[in-house]
Amino acid sequence: MEACESRSRSREEVGELYRRPLLELVFEAARVHREHHDPRRVQCSTLLSIKTGACPEDCAYCAQSAHHGAELEREALLDPDTVEAEARRAKAAGADRFCMGAAWRGPREGRDFETVLEMVRRVKALGLEACATLGMLTEEQAAALAEAGLDYYNHNLDTSPEYYGKVITTRTYADRLETLARARAHGLKLCCGGILGMGESEDDRIGLLYELARQDPPPESVPINGLVPIPGTPLADAAPLPWDAWVRTVATARILMPRSVVRLSAGRESLSEEAQALCFLAGANSIFLGDRLLTTPNRERDSDAALFRRLGLEPIREAEAADVLEV
Ligand code: SAM
Ligand code: DTB
Ligand code: SF4
């Protein structure tokens with residue numbers, strides 16, 4: 001089965017992989033990981049919410065949906081100077097990619113969208129990779145973002161097609177796939193993953209992995225988020241996710257998408273360092289760095305630096321800088 005890693009697998013085969021004895025699964029994922037990546041290097045992204053709250057969508061997990069009663073400080077679109085200053089800070093802290101998130105169903109044409117394009121240009125001018133997540137895109141918007149220098153577009157499938165309607169009713173899986181195809185068609189790389197711990201079954205996690213892996217080509221960046229429970233949202237009291245579900249999901253993603261970068265994303269705080277170590281062994285090679293995600297706190301930079309030292313991991317920017325010094 002392992003002879004041809006890139007052939008697409010049926011959903012049943014993905015299930016067989018996911019349900020293998022845990023350590024066999026991790027061992028195989030670690031082998032695939034080492035074939036395609038330097039296992040010591042970790043891609044580090046920093047997030048910034050450039051427009052916060054009052055979102056018309058009803059995603060059951062999200063602090064920013066206007067449909068729920070989550071307590072949140074709303075904020076209008078930031079200005080490019082503020083964003084540039086945050087991107088400089090992220091770069092100084094060791095990030096190689098800066099991700100800008102907006103609580104929109106999609107960007108409105110006009111001044112706001114022009115402002116986002118300017119933000120992208122400013123981030124690129126600092127020598128960082130730029131990622132944006134703005135909701136659904138038109139053809140013209142995807143083209144304009146690419147033209148401004150955007151590297152990645154983040155647009156998650158979140159869960160299986162069957163479970164999607166239990167979490168979001170204001171858009172469909174097909175809408176998501178359409179925006180992904182538009183972003184791809186205009187040369188943007190894709191950052192596309194999902195959320196674990198929303199009350200979905202194991203079969204839904206398998207369905208998500210199957211859908212991600214059958215994209216052609218698969219997303220270059222695959223964020224695996226654990227639900228950050230937000231008081232006031234419908235998923236505030238979702239049962240906590242067992243740690244091995246993270247490990248299985250990361251390991252299966254690594255085997256199915258050998259060349260992609262797999263990110264331990266939101267919710268990493270709820271994982272012990274030991275479980276994170278297993279995820280890194282099983283092929284996770286990216287994190288969100290910095291003390292904030294979009295609206296919730298992330299792990300402290302210092303705890304991550306200590307974890308990296310303990311595990312012998314290096315942020316890719318520091319590793320690349322060291323390579324230059326060695327030449
Ligand atoms: N509005 C845009 C959209 O939904 O595509 C972009 C911003 S939205 C906050 C980006 C992603 O964050 C969502 O697709 C979801 O996967 C993730 N997310 C949001 N709230 C979360 C939470 N409470 N826990 C984990 N992930 C979350
Ligand atoms: C992704 O997959 N995770 C990030 C990013 N893409 C935009 C968002 C995580 C949000 C966590 C909850 C919050 O801070 O509001
Ligand atoms: Fe809006 Fe995105 Fe939150 Fe959904 S996940 S409510 S689209 S900000």
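Taking the protein heavy atoms of the chain in the context of the full set of protein chains, the accessible area attributed to carbon and sulfur is 51 percent at 1.4 Å. Which percent, nearest 5, of DSSP beta bridges in the chain are antiparallel? Bridges in the chain that DSSP calls antiparallel: roughly 5 percent.
Scalar couplings 3J(HN,Hα) for the range 138-152, obtained by applying the Karplus form with A = 6.51, B = -1.76, C = 1.60 to θ = phi - 60°, are 8, 4, 5, 5, 4, 5, 5, 5, 4, 4, 6, x, 4, 8, 10 Hz; x denotes Gly and Pro.
In this simple spin-label model, placing a label point 7 Å from the Cα along the Cα-to-Cβ direction at both Ala275 and Leu307 gives a separation of 1.1 nm. Using the Karplus relation 6.51 cos²θ - 1.76 cosθ + 1.60 with θ = phi - 60°, the per-residue 3J(HN,Hα) values for the range 264-278 come to 7, 9, 4, x, 4, 4, 7, 9, 5, 5, 5, 5, 4, 4, 4 Hz, with x marking Gly and Pro.
The mean accessible area for residues of the chain, using a 1.4 Å probe and ignoring ligands and nucleic acids, is 43 Å² per residue.
Binned at 20 Å from 0, what are the whole-percent values of the Cα-Cα distance distribution for the chain, short to long? Calculated over all Cα pairs of the chain, the distribution is 33, 62, 5 percent. For Asp79 and Arg105, a Förster radius of 30 Å and the Cβ-Cβ distance give a FRET efficiency of 0.85, rounded to the nearest 0.05. Given the range 226-327 reduced to its alpha-carbon atoms as identical point scatterers, what log10 I(q)/I(0) does the Debye formula return at q = 0.11, 0.18, 0.23 Å⁻¹? These q points yield log10 I(q)/I(0) values of -0.39, -0.96, -1.34.
How long are the semi-axes of the equivalent ellipsoid of the range 1-129, taking √(5λ) for every eigenvalue λ of the Cα gyration tensor, in whole Å from largest down?
37, 23, 14
Calculated FRET efficiency, Ala181 to Glu71, Cβ-Cβ distance, R0 = 30 Å: about 0.25 to the nearest 0.05. Dimensions of the range 182-285 from C-alpha coordinates, computed as largest minus smallest value along each principal axis and given longest first, are 39, 31, 23 Å. Give the residue from Leu78, Phe288, Ala306 lying farthest towards the positive end of the charge dipole for the chain; charges sit on Cβ (+1 for Lys and Arg, -1 for Asp and Glu) and the dipole is referred to the Cα centre. Of the candidates, Ala306 comes out farthest on the positive side. Derived scalar couplings between HN and Hα for the range 184-189 equal 4, 4, 9, x, 7, 7 Hz in order, rounded to whole Hz, by the Karplus curve 6.51 cos²θ - 1.76 cosθ + 1.60 (θ = phi - 60°), x for Gly and Pro.
Between the amide H of Arg41 and those of Glu314, distances stay under 5 Å, these residues lying 5 or more places away or on another chain, with hydrogens modeled in the peptide plane. Only helices enter this figure: runs of n ≥ 4 DSSP H residues, each worth -39500 (n - 2.57), summed and divided by the residues of the chain, yield -13000 deg cm²/dmol at 222 nm to the nearest 500.
Our summary gives the chain a relative contact order of 25 percent, counting only alpha carbon pairs under 8 angstrom and 6 or more residues apart.
Annotation: for a label point projected 7 angstrom from Cα along Cα→Cβ of Arg11, residues of the range 209-230 with backbone N closer than 16 Å are 209-215.
The values are calculated or read from the model by the stated rules, or taken from the named source; none is laboratory data. Please read all numbers here as calculations on a predicted model, not as lab measurements. Reconstructed Cβ throughout: ideal geometry from the backbone, glycine too, with neighbour counts over all protein chains shown. Accessible surface is based on the protein model in full, side chains and every heavy atom, while ligands, DNA and RNA are left aside. Shrake-Rupley method; radii C 1.70, N 1.55, O 1.52, S 1.80 Å.
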